[in-house]
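Participant: Sending over a structure as structure tokens; questions will come in a sec.
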Amino acid sequence: MMLANLFESENFRMGGFDLEKEAEIEAGWSYDLTYARWYRDYPLRPLTAFEIKKRHEEWLKEMRDGNSVYHFSLRSREDNRLVGFVRISEVYWLHRLGTLHVALGDPARHGLLTEAILLGLRYGFEELNLHRLSIVAPGYDLRLLEACESAGLTLEVRQRRMTYFANSFWDLLRYGMLCSEWRAMEGQHE
């Protein structure tokens, strides 16, 4: 099936970055714990525009230097305003695998997480021709867990008490979808 526009859904448009203007917006989002959890590589804390800009520059450099990371801004179709990000990382071409990361910083868009996940899945399966995509979700992020299930991903792995947040240990869950499942969901046939 040829898509009219690979980078758009009903409410979102994936695109590039204007780090000079938008790093300050994302720095503001880092005060929101729902968004800040996306940066779970290190303890949660508010980030400066400089730190945000450097992080995105690293991701964009990885994207240019190799073909194992694909990083996009997520914008409102209505006004082209930055609302979050979609990234496919850890792409292993031999096996055609990748990990999908989706973050919505605009609180007004938090309810649209499933739509953002579906947009990332579409790009991974339709453009990158991946065989499998996964999302790693901590057990405390109920909104992400629900969105994964709503998007049709299957819970594949549960690592007990693997992540620490808010004075408790939580399970780390890996959801996955195969390209064949995506095609069946989209009414296509392999």
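Each reported figure results from applying straightforward, stated rules to the coordinates on display, with no laboratory input. What you see is a predicted model, and the numbers here were worked out from it, not measured in a lab. FYI the Cβ positions are ideal-geometry reconstructions off the backbone, even for glycines, and counts take in every protein chain you see.
Participant: Using the count of nearby Cβ atoms within 10 Å as a rough guide to exposure, how do Leu144, Leu19 rank from fewest to most?
Facilitator: Leu19, Leu144
Participant: Let me know the whole percent of all Cα-Cα pairs from region 72-171 that are separated by more than 24 Å.
Facilitator: Above the 24 Å cut-off, region 72-171 has 27 percent of its Cα pairs.
Participant: A further question on this structure: Which of Phe72, Phe50, Phe17 comes first, and how do the rest follow, when ranked by fewest Cβ neighbours within 10 Å?
Facilitator: Least to most surrounded, the residues fall as Phe50, Phe17, Phe72.
Participant: Hey, could you get me the Stokes-Einstein D for region 1-115, Kirkwood radius over alpha-carbon pairs, 20 °C and 1.002 mPa s, rounded to whole µm² s⁻¹?
Facilitator: 143 µm²/s
Participant: While we're on this one: For a quick check: sort Lys21, Lys53 by the number of other beta carbons within 10 angstrom, fewest at the front.
Facilitator: Taking fewest neighbouring Cβ atoms as first place, the list is Lys21, Lys53.
Participant: Per DSSP H run of n ≥ 4, the term is -39500 (n - 2.57); total these for the chain, divide by its residue number, and report the mean residue ellipticity at 222 nm rounded to 500 deg cm²/dmol.
Facilitator: -9000 deg cm²/dmol
Participant: Express in whole angstrom the spacing between the alpha-carbon centres of region 44-70 and region 140-190.
Facilitator: With region 44-70 and region 140-190 each reduced to a Cα centre, they are spaced 24 Å.
Participant: Taking Cα pairs under 8 Å and at least six residues apart, what relative contact order does region 56-190 come out at, in percent?
Facilitator: Taking the mean separation of contacting Cα pairs over the length of region 56-190, I get 16 percent.
Participant: Above 13 Å lies some portion of the pair distances; for region 149-190, what is it as a whole percent of all C-alpha pairs?
Facilitator: 62 percent
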